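Report on the structure given below.
A short reminder: the numbers here are calculations on the coordinates, not readings from a lab. Only a predicted model underlies this, so the values are computations on that prediction, with no experimental measurement involved. Note that each Cβ is placed from the backbone with ideal geometry, even for glycine, and that neighbours are counted across all protein chains shown.
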Amino acid sequence: MNAPVSAVEQLLFTLPDLDWITDESRVARLSQDFAWFSPVLNRQLKDKRADAVVRPRTEDELRALVGACVQRNVPITIRGSGTGNYGQTTPLAGGVVLDMTSYNALQWVRPGVARAQAGMRLGELEKHTRPTGQELRCIPSTYRSATLGGLFGGGFGGIGSINYGPFGAPGNVLGVRAMTIEAEPQIVELRGAEALRMHHLWGTNGLVLELEVGLAPVHPWLETLVTFSDFDKALAFGNALAHAPGIVKREVAFFASPIPDYLTQLAEYLPKGCHAVLSLVAESSEEAMHELAALHAGSITYRKTAAEVQKSNRTLMEFTWNHTTLHALKVDKTLTYIQSSFVPGKQVEQITEMEHLLGGEVLMHVEFLRNLDGLIACSALQLVRFTNEERLDEIIRIHRERGVRINNPHTFIVEDGKAGGALPPEIIAMKNRFDPHGLLNPGKLRDWPVVPR
């Protein structure tokens with residue numbers, strides 16, 4: 001007697017012309033992201049995987065795939081390049097991983113705005129915008145591989161957020177083209193605030209096909225490291241540089257000792273035990289930045305012009321945001337991290353307090369940015385010397401008790417990772433509208449658990 005044919009096997013038979021991946025090792029790899037940054041998520045997710053991976057190339061292929069999955073009740077987990085950190089691309093219920101990286105065409109570039117398919121890599125998109133004198137307003141440190149749809153579905157902010165805030169700030173995402181998960185999929189254009197109801201929800205409430213995003217003017221960015229022997233002076237310089245209205249900038253990051261010691265590729269520029277501020281400022285702002293550094297007793301140890309960065313194809317941007325965590329983990333695999341947000345206007349006071357309370361166990365890495373109200377604020381990606389999950393929870397509690405917001409990166413439930421908790425009604429309505437059968441990334445939203453098939 002022949003074994004019954006599984007639903008995924010039926011998909012392979014029904015849609016043979018699609019680009020399917022069924023090799024077990026490749027499927028396992030494409031079922032994971034960088035959730036291994038968290039020992040908690042690594043334990044929970046390391047053995048989870050899809051039944052198959054598919055890489056559609058056209059809207060017709062996407063429509064056929066989605067319709068066939070709905071007819072067979074097959075879960076769909078949407079994936080870009082897998083550079084996220086929360087298990088967004090790891091299926092909890094098997095099914096199909098929908099890899100969007102082959103759906104990657106540029107639609108157009110206009111003054112102040114660009115539109116591209118969701119699978120386009122951010123670095124590739126900037127190759128099209130830069131000849132027009134424009135660049136993306138916000139890119140993660142993983143911009144070479146990260147996709148536009150991945151930034152929208154799983155990202156928060158990045159390089160450029162010092163000017164334009166998080167990616168979800170009004171005006172950064174102007175519209176999305178999305179597909180419903182139905183037997184007869186519908187295509188819908190969402191604009192403005194409505195489009196943002198799909199943002200940072202890990203592909204749980206709609207399949208985004210295209211994004212229209214705001215652009216910023218290109219400047220020749222000077223990349224520098226300024227080092228300090230004193231924590232307070234280094235932090236004060238980073239804060240002053242972030243606030244300086246006349247200094248044109250794209251990135252300001254503060255690394256307290258011993259984090260610079262983990263950036264081994266930059267060791268010749270980072271004296272042992274130093275504190276450091278990494279920045280990208282316009283070359284026209286270099287003199288003003290130097291004056292500010294001297295005022296805070298900083299030493300400029302690394303300086304590369306935009307032309308030098310382009311020629312070398314090496315950039316300090318790949319030492320910022322969660323790339324800092326990655327570099328540190330290569331040196332010490334016992335480290336993990338937390339994500340903190342400090343109160344605008346109180347960030348120096350709060351950062352200093354947390355350094356006094358937890359210094360040596362929680363290592364301070366701060367990214368300066370504008371918040372949704374346009375105020376200069378800090379988002380920290382502190383390294384943590386991990387001992388056990390109970391202590392990790394206690395560290396999070398210590399921050400929250402002192403008014404420091406924590407977005408927990410050690411959970412795969414969307415609501416539990418957000419400091420605000422429950423999803424607002426309009427997000428739930430969007431989920432019901434675009435995923436009425438609950439097939440998108442099941443188990444990642446609290447009210448849509450994994451249902452046994």
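With the Kirkwood sum run over all distinct C-alpha pairs, the range 345-408 has a hydrodynamic radius of 12.5 Å. Within the same chain, aspartates and glutamates fewer than 8 places from Lys48 are excluded, and of the rest, those with a Cα less than 16 Å from its Cα are Asp23, Glu24, Asp33. Pick out, in residue order, every one of the GluC sites (Glu not before Pro) in the range 345-453 that is DSSP loop and has at most 14 other C-beta atoms within 10 Å; say none if there are none. Answer in residue order: Glu361.
For the range 221-407, the convex hull spanned by the alpha carbon atoms encloses 110 Å³ per residue.
Extents of the range 362-453, largest first, come to 43, 37, 20 Å (Cα atoms, principal axes, whole angstrom).
Once the other residues with Cβ under 15 Å from the Cβ of Leu148 are scored (Lys, Arg +1; Asp, Glu -1), what is the net sum? For residues surrounding Leu148, the net value is +1. Simple spin-label estimate for Thr305 and Ser229 gives 3.3 nm between the two label positions (7 Å along the Cα-to-Cβ direction from each Cα). With neighbour counts taken as other beta-carbon atoms within 10 Å, the residues Ile300, Ile76 rank, fewest first, as Ile300, Ile76. Rounded to whole numbers, the Karplus 3J(HN,Hα) couplings from phi for the range 236-249 are 4, 5, x, 5, 5, 5, 4, 7, 4, x, x, 9, 6, 9 Hz, using 6.51 cos²θ - 1.76 cosθ + 1.60 with θ = phi - 60°, and x at Gly and Pro.
Loop-located trypsin sites (Lys or Arg not before Pro) across the range 238-297 with a Cβ neighbour count of 14 or fewer within 10 Å are Lys272, with loop assigned by DSSP.
Based on every Cα atom in the range 64-123, Rg and the maximum pairwise Cα distance Dmax equal 14.4, 44 Å. For the range 314-383, a Kirkwood hydrodynamic radius built from all Cα pairs, placed in the Stokes-Einstein relation at 37 °C and 0.692 mPa s, yields a translational diffusion coefficient of 254 µm²/s.
Against the longest principal axis of the chain, how steep is helix 347-358, in degrees 0 to 90 to the nearest 10, with axes from Cα atoms? Compared with the principal axis, the helix lies near 80 degrees. Modelled spin labels at Ser102 and Glu268, positioned 7 Å past Cα toward Cβ, are 4.4 nm from each other. Seen from every direction in turn and averaged, the convex hull around the alpha carbons of the range 164-310 projects onto 11.5 nm².
Rounded to the nearest 5, the antiparallel percentage of DSSP beta bridges internal to the range 108-217 is 95%. Taking the radius of gyration and the Kirkwood hydrodynamic radius from Cα positions alone, what is the Rg/Rh ratio for the chain, to two decimal places? Using Cα coordinates only, the ratio equals 0.98.
Once R0 is set to 60 Å, what does the formula 1/(1 + (r/R0)^6) return for the Cβ-Cβ distance between Ala28 and Leu357, expressed as a FRET efficiency to the nearest 0.05? It comes to 0.90.
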